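The values are calculated or read from the model by the stated rules, or taken from the named source; none is laboratory data. Small disclaimer: the values here were computed from a predicted structure and weren't measured. So basically every Cβ, Gly included, is an ideal-geometry build from the backbone, and we count neighbours across all protein chains shown.
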Amino acid sequence: MANTQSAKKQVRNSYRKWLRNRYVKGKVRGVLQMVNKAIAEGNAEQALALMPDAASQLDKAAKKNVIHHKKAARLKSRLMHKINALQAQ
């Protein structure tokens, strides 16, 4: 357990950050699951409609340093590749 006052404060701060990161990651996971589900069902229109929200959530998570900005870009790119391949069929 933390002994000094600054160590105790760091424990409190890290707990608050953990809660925020957990919330943001959950929102990102949820929106990614919806887009991937639409892709798996072959519904390109629905996936394309959900994509702006997914991109927004990924960008917000990257802005808050919950995920790396390049990971957000990579995930957006991979989703768009899947949607474009689905539309080409």
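Quick rundown of the values:
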| read-out | value |
| --- | --- |
| Lone qualifier among LEU48, LEU19 - being assigned to a helix (DSSP H, G or I), in contact with a helix residue (DSSP H, G or I) (Cβ under 8 Å, 6 or more places away or on another chain) and without any contact (Cβ under 8 Å) to a residue 60 or more places away in the chain | LEU48 |
| Among (1) at pLDDT below 95; (2) assigned to a helix (DSSP H, G or I), the one test that GLY42 misses | (2) |
| Tally of residues being in contact (Cβ under 8 Å) with a residue 24 or more places away in the chain and among the polar types (S, T, N, Q) across region 76-86 | 0 |
| Output for region 36-58, where each listed residue is of a type outside the set (S, T, N, Q), surrounded by 15 or more Cβ atoms within 10 Å (Cβ to Cβ) and under 23 Å from ARG20 (Cβ atoms) | ALA54, ALA55, LEU58 |
| Tally, over region 59-75, of residues that are in a helix (DSSP H, G or I) and either surrounded by fewer than 17 Cβ atoms within 10 Å (Cβ to Cβ) or in contact (Cβ under 8 Å) with a residue 24 or more places away in the chain (or both) | 10 |
